[in-house]
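The values are calculated or read from the model by the stated rules, or taken from the named source; none is laboratory data. Worth saying up front: this structure is predicted, and the values here are computed from it rather than measured. Using ideal geometry, Cβ is built from the backbone for each residue, glycine included, and neighbour counts are taken over all protein chains shown.
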């Protein structure tokens, strides 16, 4: 079936270090969406990318959508404690509307 | 607050009991989704409504689960004869357009003893 693989599952960083999570879909996506879920919270929408090769920035966050519209990445520069949480990618295959979710990457800041 | 709301936020029940959860989407959103999320996993799609019509159910969804959206506004998710494996966070989301951003409610955390 259609899947979105997301790696790594966890990433431990020192505050101030960079963080990257990658998504790879088994099928072409019509768009890619990124969500952040804080511990004990619910997913909160961050951004949507639609165009092939699109890059968007939100302050220290950089989002990319691959040329083939099958992969995406989120890069956080100089992490802060407020960045802690699990980052999910999700996208609807071009064949239907239903979002297929990655399993998430948990960002952990080392004390 | 005009976001998605869910009630109750927490539910503890005994195995075999029925439970019902409610979701109130953002008022102008005509699409409503139910997901289930367990620890360390992403949201798992359960079912989807466009207005009052239930357009898709996950093949993984047991027949003990039923959802309604009778007037195209709020929705209910009922689980009959609950099992311990039903323990999870049940999330509701809504969106305005097909394939558009989904806005999530705070979820209902279910614990089946």
Check: Going through the stretch A:26-55 one residue at a time, which ones are without any contact (Cβ under 8 Å) to a residue 12 or more places away in the chain, closer than 30 Å to residue A:111 by Cα and either outside any loop (DSSP other than H, G, I, E, B) or more than 11 Å from chain B (Cβ to nearest Cβ) (or both)?
Finding: A:44
Check: Do you know which residues across the stretch A:86-111 are free of Cβ contacts under 8 Å to residues at least 12 places away in the same chain and either assigned to a strand (DSSP E or B) or within 14 Å of another protein chain (Cβ to nearest Cβ) (or both)?
Finding: A:96, A:97, A:98
Notebook entry, point to check: Restricting attention to the stretch A:23-44, and to residues there that are surrounded by fewer than 17 Cβ atoms within 10 Å (Cβ to Cβ) and farther than 9 Å from residue A:93 by Cα, which single residue is modelled with the lowest pLDDT?
Noted result: A:40
Note to self: Residue under question is residue B:69, and the condition is that it be under 14 Å from the mean Cα position of the chain (by Cα) and within 11 Å of chain A (Cβ to nearest Cβ); does it hold?
What the structure shows: no
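Test residue B:16 against the criterion of being away from every other protein chain (no Cβ under 14 Å), more than 25 Å from residue A:41 (Cα to Cα) and either in a strand (DSSP E or B) or over 14 Å from the mean Cα position of the chain (by Cα) (or both), and give yes or no.
For residue B:16, the condition - away from every other protein chain (no Cβ under 14 Å), more than 25 Å from residue A:41 (Cα to Cα) and either in a strand (DSSP E or B) or over 14 Å from the mean Cα position of the chain (by Cα) (or both) - is met.
For the subset of the stretch B:91-113 comprising residues that are facing another protein chain (nearest Cβ under 10 Å) and assigned to a strand (DSSP E or B), which member is surrounded by the fewest Cβ atoms within 10 Å (Cβ to Cβ)?
Of all residues in the stretch B:91-113, those facing another protein chain (nearest Cβ under 10 Å) come to B:91-93, B:95, B:97-107, B:109.
Filter once more, keeping what is assigned to a strand (DSSP E or B): B:91-93, B:95, B:103-104, B:109.
On the way: B:91: 25, B:92: 29, B:93: 27, B:95: 22, B:103: 20, B:104: 23, B:109: 16.
Here the answer is B:109.
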Check: For the stretch A:77-85, does any single residue satisfy the condition of being surrounded by 18 or more Cβ atoms within 10 Å (Cβ to Cβ), within 14 Å of chain B (Cβ to nearest Cβ) and without any contact (Cβ under 8 Å) to a residue 40 or more places away in the chain?
Finding: no
Next item on the list: Any chance you could count how many residues in the stretch B:25-50 are assigned to a loop (DSSP other than H, G, I, E, B) and either surrounded by 13 or more Cβ atoms within 10 Å (Cβ to Cβ) or within 12 Å of chain A (Cβ to nearest Cβ) (or both)?
Entry: 10
Notebook entry, point to check: Does residue B:78 satisfy being surrounded by fewer than 16 Cβ atoms within 10 Å (Cβ to Cβ) and part of a strand (DSSP E or B)?
Noted result: yes
